[in-house]
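Please read the structure below before turning to the comments.
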Amino acid sequence: MQRMFMRRTGLALLLMLAATALTFALVSAAPGNVAALIAERAAGAGADGEMIAKIANDLGLNDPLPVRYLRWLGDAVQGDFGVSLRTGKPMSEEFAARIPKTLALLAGGGVLALALSLVMGLAGAVSNGGIVDKLLHGLALVGASTPNFFVAAMLVIVFSVMLGWVPTFGVSGFTSWLLPWITIALFPGSVLARVVRVNLQEAMSRPFATTGFAKGLTRRAVLLREALPNILIPYMTTFGAQFTLMMIGAIVVERVFGLNGIGAFFIEAIRFRDFIGMQAVLMLFVVFFVSVNLIVDIAAMLADPRLRRPRKA
Amino acid sequence: MNAPVYAVENLVIDLYTPSVSVRAVDGASFHVSPGETLAIVGESGSGKTVMTLGPLGLMPEGVAVDLRGTARADGRDILTLSPSELSALRGGFFGVIFQDPMSALNPMLKIGPQLASQAQKYAGLSAEAARKEAVSLLARSGIPDPEDRYDRYPHELSGGMLQRAMIALALAARPRVLIADEPTTALDATVQAQILALIRTIQKEDGIAVVLITHDIGAVSVLADRVIVLYAGQIAEEGTAIQVLTAPVHPYTRGLLASVPDFRSESATGTKEIPGIPPNQAQLMPGCRFADRCDMVQATCHSHRPRLQTVGLGDVPHRVACPVVIAAEGIVTHD
């Protein structure tokens, strides 16, 4: 078990290295010249070739790619992610200001998706083919096939513009988070609700469910006590995947709701060809994706008694 | 013989899936008394499991079940009970042991606490007493080191141990009728005998009525007081184990017994298989359902459904649904 943890963690670190190297290479290969951009910033339109060449030389941009990557990596592990070409501030400062907002968005959305999916999935399974089940199935399909920018627009029109219950834009207290949370939770919540429903149904057809009935449990008790623990592992795995996908959703949602998080910064960085900012955010994404998957993997192992306590031969 | 604790009369069970409907049980009656073991014998698909688990509402989800007849347990007809009443009866009155303990026990739940919760709910014990009861049930079911096994998950026990745990689980609610659905089929041959012996011991000690569903003639001879031979949802023959096993009358029973390998016989040719396959119960036939495979078949067999006739007198009547053999062998009937 412990060896498994070590192996997974080691693998995750390797994966982070490989993924950051790949994004580094891709960003380097993207059109645009960092030295030229910096020169333009410093001297306006009057930046000449000599100045650009000097900047490139000073920054070591003429070194081979692996050398540049290792230099970048060395700085990054010490918390130095460079200075944003767009805002002129160190990326560590940008991160400190923006990560909490994105995390609040993802955490709130994650909790909402969790609650939504469990309530919908369980209610559907209790109804078992009844009207509630069919209704929830339809709702989940709609939720999983509506793009988040559309959801965001509809929510803003109804709850901010028409009803005036919550602010349309920016961060101003708890209520300003409600619409972003709902928007970002709708897709994963709907997908996970189907995962709960389908896996519960599968579990209810397994022999141990019949044993549950034979023990004298009502159908609802069999669902909650016998079937529900058995969907934990597929549920956790899908939740991890959906949670990482929420980061992609956050890029759109932060833009629409004016939350100055990492996602909004990333869009701006691309628009302004802020290579340093892009590289730093991409690295953050890689770390986020790999860590969430690692945590889910380990949590799933801990949740399954067959993996947690393997039978001794 | 004691008064029956569970008595089923004229049970008809139709099963419906989206594509087919099947008459799985067609007018079967049976009863079982405290301390007695009734074996229900038949090949796969004969309806023996449906006949016993159907009235208890233990059919898989997704199969619509239509039950007719009566099934009296504890003075009530369980076919008329509401789902919640039936749930309560399933836990306290009936205990069920299933075929494959590896899949019948929940892989995510520890064994002991399940037993304790049953003892708490149905035997009215306190949490502490229920835990003690659970440990003693594990011990009684022949599980070594029961204190340790209490906190084990199913995957940490062998198949034989799991079936013992399954038996303990069924007993935790102190049932009056124990239904064992092919309890040894999934187990190693050496373990099978141990499990049968365990069921027998517990039954004698507690005076529980046992319904044993099996296709294992060996298990029948070890455990059963009475036997019902089921073919395609209908009772072909019934009587005491001795009557049915030593003096079978129905051609199907004879075929079934002849197909059991006899290790004392000198050649392997001692076994005979029954030719053909069981009928498709989705297409009901008016006559004897065994007619197509029977070597004594006559024209009337296809048109007239044979009724059970009593061929032997005694405390337990020996009854056979085959007028052809009765007439051919001049067997005296007592109806």
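What to note about this one:
- Placing pseudo-labels 7 Å out from each Cα toward the beta carbon at residue A:93 and residue B:295 gives an inter-label distance of 10.0 nm.
- Qualifying lysines (Cα of each under 30 Å from Cα of residue A:215; at least 8 residues distant if same chain): A:134, A:312, B:48, B:110, B:121, B:132, B:204
- In Å, descending, principal axis extents of the Cα set of segment A:15-77: 43, 20, 18
- Simple point charges give the picture: +1 on the Cβ of Lys and Arg, -1 on the Cβ of Asp and Glu, and for chain A a dipole about the Cα centre of about 1660 debye.
- Per-residue ellipticity at 222 nm from helix content only, as computed over the protein assembly as shown with -39500 (n - 2.57) for each DSSP H run of at least four residues, stands at -17000 deg cm²/dmol.
- Ratio Rg/Rh [Cα only; Rh per Kirkwood] for segment B:94-174: 0.93
- Against chain B, whose longest principal axis is taken from its Cα atoms, helix B:159-172 shows a tilt of about 80°.
- The angle separating the long axis of helix B:111-122 from the principal Cα axis of greatest extent in chain B is about 80 degrees.
- Across segment A:94-308, Cα-Cα pairs farther apart than 27 Å form 41% of the total.
- Nearest-20 debye value, chain B charge dipole, Cβ charges on Lys, Arg, Asp, Glu: 380
- Against the main long axis of the alpha-carbon atoms of chain A, helix A:228-257 sits at an angle near 40°.
- Available extension along the chain between residue B:247 and residue B:189 is 18.2 nm, counting 0.36 nm per residue and deducting the alpha carbon span.
- Of B:289, B:305, B:174, the one that fluctuates the most in a GNM where chain B has Cα springs shorter than 10 Å: B:305
- Excluding same-chain neighbours fewer than eight residues apart, the lysines reachable from residue A:89 by a Cα-Cα span under 23 Å are A:54, A:101.
- The Cα trace of segment B:161-200 gives Rg and Dmax of 10.0, 29 Å, the first to one decimal, the second as a whole number.
- Low-density loop cleavage sites - chymotrypsin sites (Phe, Trp or Tyr not before Pro) in segment A:114-184, where at most 14 other Cβ are within 10 Å (DSSP): A:165, A:169, A:174
- The base-10 log of I(q)/I(0) for the protein assembly as shown, evaluated at q = 0.07 Å⁻¹, reads -0.65 [Debye formula, identical scatterers on Cα atoms, solvent excluded].
- Shown here for segment B:4-58: GluC sites (Glu not before Pro) in loop regions (DSSP other than H, G, I, E, B) with at most 14 other Cβ atoms within 10 Å, of which there are none.
Each value in this text was obtained by applying a stated rule to the coordinates, not by laboratory testing. Note that this is a predicted model, so its numbers are computed, not measured. When we count neighbours, we look across all protein chains shown, and the Cβ atoms used for this are built from the backbone with ideal geometry, even at glycine.
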